[in-house]
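The values are calculated or read from the model by the stated rules, or taken from the named source; none is laboratory data. Because the structure is predicted, anything quoted here is derived from the model rather than measured. FYI the Cβ positions are ideal-geometry reconstructions off the backbone, even for glycines, and counts take in every protein chain you see.
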């Protein structure tokens with residue numbers, strides 16, 4: 001994918017975050033064998049102008065990687081793996097692209113797609129075209145990012161809504177408990 005897009009976007013830096021960081025050595029070997037320059041987060045490598053791939057081979061830093069980009073492909077979705085969660089990328093301001101196998105997060109994807117914050121692609125060619133389009137179209141990219149954030153905001157707040165729904169039942173119990181507590185000390 002990076003090789004396809006590099007000719008159109010010479011300064012392109014692709015961030016790859018393997019789900020299992022222990023795969024980083026094999027991935028680095030594969031990328032360097034293709035002539036790509038790789039920097040690894042786990043080694044604190046400096047990302048230079050000629051760096052092609054930033055390999056995010058650390059745990060707990062997905063937010064960092066997502067904040068470094070405005071376009072994210074959410075993996076395990078071009079194969080029958082069911083996809084990964086698109087909510088964090090959308091919440092952190094990326095246009096979300098994903099394969100069609102998103103059954104693990106069907107409702108979240110439906111909401112994001114309906115709002116215009118995510119798009120599904122059939123294959124690598126369509127993914128390359130989608131990334132290229134978004135990199136070349138600031139307005140479309142910003143619109144998609146805003147739509148994704150709005151959709152995630154609409155999905156958020158379940159705890160507050162649940163507490164509000166339970167308040168008529170819980171409040172009388174709290175009052176009763178306080179009154180009983182006061183009687184025992186009066």
message: For the range 38-78, which positions are part of a loop (DSSP other than H, G, I, E, B) and within 23 Å of residue 116 (Cα to Cα)?
response: 68, 69, 70, 75, 76, 77, 78
- request: Might you check whether a residue that is part of a loop (DSSP other than H, G, I, E, B), farther than 26 Å from residue 120 by Cα and at pLDDT 95 or above occurs anywhere in the range 5-19?
  value: no
task: Run down 93, 99, 181 and say which single residue is modelled with pLDDT of 95 or more and surrounded by fewer than 19 Cβ atoms within 10 Å (Cβ to Cβ).
output: 93
query: Residues in the range 82-113 that are touching a helix residue (DSSP H, G or I) at 6+ places or on another chain (Cβ under 6 Å) and either in a strand (DSSP E or B) or not assigned by TED's automatic domain parsing to the domain that holds residue 127 (or both): how many?
result: 3
- request: Please give the number of the condition residue 88 fails out of (1) without any contact (Cβ under 8 Å) to a residue 60 or more places away in the chain; (2) surrounded by 16 or more Cβ atoms within 10 Å (Cβ to Cβ); (3) within 23 Å of residue 10 (Cβ to Cβ).
  value: (3)
task: Any chance you could count how many residues in the range 20-37 are surrounded by 15 or more Cβ atoms within 10 Å (Cβ to Cβ), in a loop (DSSP other than H, G, I, E, B) and under 21 Å from the mean Cα position of the chain (by Cα)?
output: 0
query: Conditions: (1) within 26 Å of the chain's Cα centre (by Cα); (2) assigned to a helix (DSSP H, G or I); (3) surrounded by 10 or more Cβ atoms within 10 Å (Cβ to Cβ). Residue 120 meets all but one. Number of the miss?
result: (2)
- line: Listed by first then second residue, the pairs whose first member lies in the range 128-156 and is more than 19 Å from residue 110 (Cβ to Cβ), whose partner is at pLDDT below 95 and part of a helix (DSSP H, G or I), with beta carbons under 8 Å and at least 6 positions apart or on separate chains, are 128/4
